[in-house]
Amino acid sequence: MKKVIILMLFSPLMITVGAQEAKGPIGAIEFVSNELSKVINKDAKVEVIAEGFQFTEGPLWLEKQQALLFSDVPGNTIYKWTEAKGKEVYLTPGGYTGTEARGGFMGPNALSLDGKGQLLICQHGDRRIAKMDAPLNAPKPNFVTVAGEYNGKKLNSPNDFILNAAGDMYFTDPSYGLERGGRDPKKEITYQGVYKMDKAGRTTLLVDSIEQPNGIGIFPDGKTLLVSNSDNRKKRWYAYDISGDGALKNARVFYDVSNEKGMGGCDGFKIDKAGNVFASGPGGIWIFAKTGKLIGKINLNGTTAANCALTPDGKTIFITATTYLLRIKMR
């Protein structure tokens, strides 16, 4: 029989401060396989390091600055977190710059840096991937469109992206950022796609068959692309071989959690240098070996994991979870 070890982890918020009521455990690390012990110490703890947001997403660790940037999508704001100062507003508006009042998931989502160290933002409300036209240390809501159309039609709402070693960008384009989702009358593209934009700015449609493509990543060898489907009926991660010309082939299911219970679906994820996948899924973060073998989970209570970020040394993971920003010092 496989031995499963569950460690109950308690948030610092359990301690009563003033009239604040103590809270229960916010999470538990489940060691499905002993392989996880190579990644996370068994005494690792989940910390709530910031809270009070609407829906957190898109975490990006800046190693040089020792800072984390992350999005509050409905709040249309990018925040910065540092050990010294905690959370601070970094940039607003971050994803919707229009003047017409609107609701929904209109703000920024995934964040990344381009080859020149400039901030790239998936902007739901503006329906594009944009570059912030300002230095990282002096942010301003000045944006330049990087990807906004395909075949003359506006994208739905770019959600996540990854740049390969050659500088090509792979990105997902679900319908979540449209105010009425897939039924929004402003939707111009009939499907939700996975695309590649090359360094020359040419955009190619790679996949149009995933109901809601969401998180996206490339394994360290550069040969395999992983995409999550956050559709409520088909909660899966799909793997594709990357051809020499950047196209995708040999589509297959990496892992299927459609029948799993728990809050949330297959959302954002990150892949570490060893090829381990830390993926938002029902109930928290699912951790897979590069083969697709489930080796562990970070089970969350009362909140939904949307995405995560890893430090380059692989010792720390940050998790964006609805109203919270969480941290685990894994090693």
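Throughout, read-outs are computed from the coordinates displayed, never taken from laboratory work. A quick note: this is a predicted structure, and the numbers were derived from the prediction, not measured. Cβ: placed from backbone, ideal geometry, glycine included. Neighbour counts: every protein chain shown.
Summary table below
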| quantity | calculated |
| --- | --- |
| Whole-Hz ³J(HN,Hα) from phi, Karplus 6.51 cos²θ - 1.76 cosθ + 1.60, for segment 115-130, glycine and proline x | x, 9, x, 8, 6, 9, 9, 7, 9, 4, x, 8, 6, 7, 9, 10 |
| Sorted by Cβ density within 10 Å, fewest first, the residues Y79, Y90 | Y90, Y79 |
| Descending semi-axes in Å of segment 122-212, equivalent ellipsoid built from Cα gyration tensor | 22, 17, 11 |
| Solution diffusion estimate, µm²/s, Stokes-Einstein, the chain, Kirkwood Rh from C-alpha pairs, 4 °C, viscosity 1.567 mPa s | 65 |
| Part-to-part distance (alpha-carbon centres) for segment 219-277 and segment 130-173, which is given in Å | 21 |
| Cβ-based exposure ranking for W61, W237, in which fewest neighbours within 10 Å come first | W61, W237 |
| Relative exposure of D221, D184, judged by other C-beta atoms within 10 Å (fewest first) | D221, D184 |
| Loop-resident sites, segment 52-111, for GluC sites (Glu not before Pro), counting at most 12 other Cβ within 10 Å (DSSP) | E63, E83, E100 |
| Neighbourhood charge, 15 Å Cβ-Cβ cut-off, centred on A110 and excluding it, Lys, Arg +1 and Asp, Glu -1 | -3 |
| Local electrostatic count at W61 - Lys and Arg +1, Asp and Glu -1, tallied over other residues with Cβ under 13 Å | +1 |
| Kirkwood hydrodynamic radius of segment 172-282, from inverse mean 1/r over distinct Cα pairs, in Å | 14.8 |
